[in-house]
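Heads up: the structure comes next, in structure tokens.
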Amino acid sequence: MSRLDSFIRRLEAQRACLGFAAGQIRAVAGPVLELGLGNGRTYDHLRELLPEREIFVFERAVNAHPDCIPDAAHLILGDVRATLPQARRRLPGPAALAHLDVGTGDAAQNAALAAWLSGALPPLLAHGAWVVSDQALAAPTLIAHPPPAGVAPERYFLYHHRAK
Ligand code: SAM
């Protein structure tokens, strides 16, 4: 598969998983967490899917389209390893949805960050929350869910949070 095809499939998988998860959280109160603003594409898509939800964005260095930069109250700047453990005080309550898109081209770094996020993210989630992730996560309260039809397994990851 060409890199162009692979990129297109990744974006299609992202869109399908975000759409699926947005539809699942109707009965779950709480804000949305977006980890990795990047260009702002998925942040913009989440705003469109969930216009009534507050979206808190975590990013170490903003480099997004000017129309896709959250206001200061919803932008949590810095490395997630420093900001996420403190985030509880910035959030109005446990999150209903988290989208993790902080992967880079470095597989070892991605695996290390995903392992760290597997422990750090669940305490910020509501019971019944959904997680959409570019990397596989492993936590006792995150139940893996198959991707929507048309998305190849392991291209993007979905989890349902079941707090113990
Ligand atoms: N979701 C974005 C979009 O649709 O445009 C793309 C996100 S891009 C693939 C990954 C982003 O995660 C980059 O902007 C990078 O700066 C950010 N990032 C990576 N590691 C991070 C970390 N440890 N803490 C905070 N941000 C990080």
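Quick notes
- Subset of region 140-159 (residues that are surrounded by fewer than 16 Cβ atoms within 10 Å (Cβ to Cβ) and either part of a strand (DSSP E or B) or modelled with pLDDT of 95 or more (or both)): 140, 143, 144, 146
- Contacts under 7 angstrom Cβ, first residue in region 126-139 being part of a loop (DSSP other than H, G, I, E, B), partner among the polar types (S, T, N, Q) and surrounded by 17 or more Cβ atoms within 10 Å (Cβ to Cβ), 6 or more apart: 137/118; 138/118; 139/118
- Residues (under 20 Å from residue 91 (Cα atoms) and within 8 Å of the ligand (Cβ to nearest atom)) located in region 3-39: 34, 35, 36, 37
- Any hit, region 94-102, residues being exposed (fewer than 14 other Cβ atoms within 10 Å of the Cβ) and among the charged types (D, E, K, R): no
- Single residue of 53, 15, 26 found to be within 18 Å of residue 159 (Cα to Cα) and buried (at least 17 other Cβ atoms within 10 Å of the Cβ): 15
- Any hit, region 110-120, residues being more than 15 Å from the chain's Cα centre (by Cα), not hydroxyl-bearing (Ser, Thr, Tyr) and not in a helix (DSSP H, G or I): no
- For region 69-84, the set of residues classified as within 13 Å of the ligand (Cβ to nearest atom), within 16 Å of the chain's Cα centre (by Cα) and in a helix (DSSP H, G or I) consists of 80, 81, 83, 84, listed by residue number.
- The one condition in (1) assigned to a loop (DSSP other than H, G, I, E, B); (2) in contact (Cβ under 8 Å) with a residue 24 or more places away in the chain; (3) away from the ligand (no atom under 14 Å from the Cβ) that residue 64 fails to fulfil: (3)
The values are calculated or read from the model by the stated rules, or taken from the named source; none is laboratory data. This structure is a prediction, so every number in the text was calculated from the model and none was measured. Backbone-built Cβ (ideal geometry, glycine too); neighbour counts: all protein chains shown.
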